[in-house]
Amino acid sequence: MTTPRPDTTLSADEARRIALRAQGFLGTPDRRAGVRGTLRHLGAVQLDTISVLARSHELIPYARLGAVGRKTVESAYWNTATEGASPVRPHAFEYWSHAACILPIEEWPHFAFRRRAYRNRPHWNHALPDGAYDQVIKQLRTEGPLTATDLGGAKKTSEWWDWSGTKVAVERALMYGEVVCVERRGWKRVYDLAERAVPDTLLHDDLDDTECLRRLVRLAGQSLGVGTRADIADYHRLKAEQVDAVIADSGLVPVTVEGWGRPAWADPAALQTPPRGRHRTTLLSPFDSLVWERARTERIFGFTHRLEAYVPKQKRVYGYFAMPVLAGGQLVGRVDPAREGSTLVARQVTLDGPKAVPAVAQALVEAASWVNCTDVRVERVDAPELREPLARELTRTTL
């Protein structure tokens, strides 16, 4: 691919601020748009099974909007209210994007390229028993929304990976686009037929791959503000060649970012006005789209981030679910949190020097209040000399 000569050069600091604004961390949050507005703005919210303070899909809007109610978050994603006798169509759907993600329902047509790809090749090495797929579709059509357990069982054994034939079938139907997840019930997916859940105007695979990819590349550029080809590809897990094929027609513009060493592309709207406004101070989920790509996080913030939940305990450096602390537009530390009754426990705190102490204390207190904790206890601080200053700051910052 031949990249056009950039007309704009950004400093590393300008690129960082553009990225922060694009991700909703710089400027006044749009509280009227709420959780659904955040989802539309980001384009994808990653799901994960780990729940420490809250699950990641709850932490994402909290980090941007503040103490939004957790029930409000759930209903924004999976609204199962009714109007008369008819169910309200969901505002979002779950699908494979950056990983398993919640996506705005209006983007359903633009994932047609991925649904086609799944239909056209075997995957996952999960055996599908004869008749299981048709039986799942028939049961959903007859009985309405059901969990995998309702359908006949999620697992053959207690092993997480050992899916039953029914679970394989319904997950395959989800990948093909014949079935959608309409809500979560005790973290279990509740499945229904796409024809019942997706609005008629969106329920189609009419767009060709090029049109789908062009849209997702554009959305990724808008959500990132500015990024390299690798950044843009990673957002919805596209291949480099897929990005190359459409980026020139995506509406993004080539830019140079000092210190990045690679060509970059920006959302032209992000270049029109300088990124200014109030910075958020908050704990971030390790799966937050601001930091989910390690190389980009290191390039923009000079911060090495790694999820250690799946690392043996004795080999962890920062803790099981270390959450980066964002303050003043920088990543200034990490907190590995836990909950014991009404106490938020900071099992391990890593600070980027004394100046980080007030911000980390503020982030801890606000997070504690959000999850209805009335106390904060710090167990370990990486720099022992900062333990007492952090304790004093926590005392001054009331819950």
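Scanning the range 258-288 for residues being of a type outside the set (A, V, I, L, M, F, W, C), surrounded by fewer than 19 Cβ atoms within 10 Å (Cβ to Cβ), out of contact with any Pro (no Cβ under 8 Å at 6 or more places or on another chain) and over 30 Å from Val335 (Cβ atoms) gives a total of 7.
Would you be able to say whether some residue in the range 108-116 is surrounded by fewer than 17 Cβ atoms within 10 Å (Cβ to Cβ), out of contact with any Pro (no Cβ under 7 Å at 6 or more places or on another chain) and modelled with pLDDT of 90 or more? I'd like the intermediate steps shown before the answer.
Applying the first criterion (surrounded by fewer than 17 Cβ atoms within 10 Å (Cβ to Cβ)) to the range 108-116 yields 116.
Still in the list and also out of contact with any Pro (no Cβ under 7 Å at 6 or more places or on another chain): 116.
Restricting the remaining residues to those that are modelled with pLDDT of 90 or more gives 116.
Checked against the condition, which is being surrounded by fewer than 17 Cβ atoms within 10 Å (Cβ to Cβ), out of contact with any Pro (no Cβ under 7 Å at 6 or more places or on another chain) and modelled with pLDDT of 90 or more, the range 108-116 yields at least one hit.
In the range 304-332, the residue that is nearest to Val381 (Cα to Cα) out of those that are open to solvent by 20 Å² or more (accessible area, probe 1.4 Å) and modelled with pLDDT of 95 or more is Val332.
Within the bounds of the range 362-382, is there any residue that is in a helix (DSSP H, G or I), free of Cβ contacts under 8 Å to residues at least 40 places away in the same chain and open to solvent by 20 Å² or more (accessible area, probe 1.4 Å)? So far as the range 362-382 goes, no, none of its residues is in a helix (DSSP H, G or I), free of Cβ contacts under 8 Å to residues at least 40 places away in the same chain and open to solvent by 20 Å² or more (accessible area, probe 1.4 Å). For the range 340-357, a residue qualifies if it is part of a strand (DSSP E or B) and open to solvent by 70 Å² or more (accessible area, probe 1.4 Å), and the qualifying residues are Glu340, Arg347.
Filter the range 184-197 for residues that are within 14 Å of Leu140 (Cβ to Cβ) and not small (Gly, Ala, Ser); which is surrounded by the fewest Cβ atoms within 10 Å (Cβ to Cβ)?
Let us first name the residues in the range 184-197 that are within 14 Å of Leu140 (Cβ to Cβ), namely 189-197.
Retained after the next criterion (residues that are not small (Gly, Ala, Ser)): 189-193, 195-196.
Details: Arg189: 23, Val190: 19, Tyr191: 27, Asp192: 20, Leu193: 17, Glu195: 12, Arg196: 15.
Of everything passing the filter in the range 184-197, Glu195 is surrounded by the fewest Cβ atoms within 10 Å (Cβ to Cβ).
Residue under question is Val335, and the condition is that it be buried (at least 17 other Cβ atoms within 10 Å of the Cβ), touching a helix residue (DSSP H, G or I) at 6+ places or on another chain (Cβ under 9 Å), modelled with pLDDT of 95 or more and of a type in the set (A, V, I, L, M); does it hold? Criteria met by Val335. The residues of the range 129-146 that are within 15 Å of Arg172 (Cα to Cα) and loosely packed, with under 14 Cβ neighbours inside 10 Å, listed by number, are Pro129, Asp130, Gly131, Asp134, Lys138. Take the conditions (1) open to solvent by 10 Å² or more (accessible area, probe 1.4 Å); (2) under 25 Å from Asp7 (Cα atoms); (3) in contact (Cβ under 8 Å) with a residue 12 or more places away in the chain; (4) not β-branched (Val, Ile, Thr); Leu224 misses just one of them, which is (1). Residue-level analysis places Glu171 among those that are among the acidic types (Asp, Glu) and open to solvent by less than 10 Å² (accessible area, probe 1.4 Å).
Within this structure, Ile247 fails the test of being under 22 Å from Ala99 (Cβ atoms), crowded, with 20+ Cβ neighbours inside 10 Å and hydrophobic (A, V, I, L, M, F, W, C).
Among the residues of this structure, Ser11 does not count as one that is open to solvent by 60 Å² or more (accessible area, probe 1.4 Å) and of a type in the set (Gly, Ala, Ser). How do the helices (runs of 4 or more DSSP H) wholly within the range 139-205 filter down when requiring 2 or more residues that are modelled with pLDDT of 90 or more and within 23 Å of Tyr77 (Cβ to Cβ): which remain? Qualifying helices (runs of 4 or more DSSP H): 165-176, 194-197. Within the range 234-243, the set of residues being surrounded by fewer than 16 Cβ atoms within 10 Å (Cβ to Cβ) and among the charged types (D, E, K, R) comprises Arg237, Lys239, Glu241.
Just one of Thr281, Thr273, Thr343 is of a type in the set (Ser, Thr, Tyr), over 18 Å from the mean Cα position of the chain (by Cα) and under 20 Å from Leu65 (Cα atoms); which is it?
Residue meeting the stated conditions: Thr281.
Inclusion of His204 among residues that are touching a residue at least 60 places away in the same chain (Cβ under 8 Å), open to solvent by 10 Å² or more (accessible area, probe 1.4 Å) and closer than 20 Å to Ala22 by Cα is not warranted.
The values are calculated or read from the model by the stated rules, or taken from the named source; none is laboratory data. Remember, it's a predicted structure, so these values are computed and weren't measured experimentally. FYI the Cβ positions are ideal-geometry reconstructions off the backbone, even for glycines, and counts take in every protein chain you see. Ligands, DNA and RNA are excluded from the accessible area calculation, which covers all protein heavy atoms including side chains. Shrake-Rupley method; radii C 1.70, N 1.55, O 1.52, S 1.80 Å.
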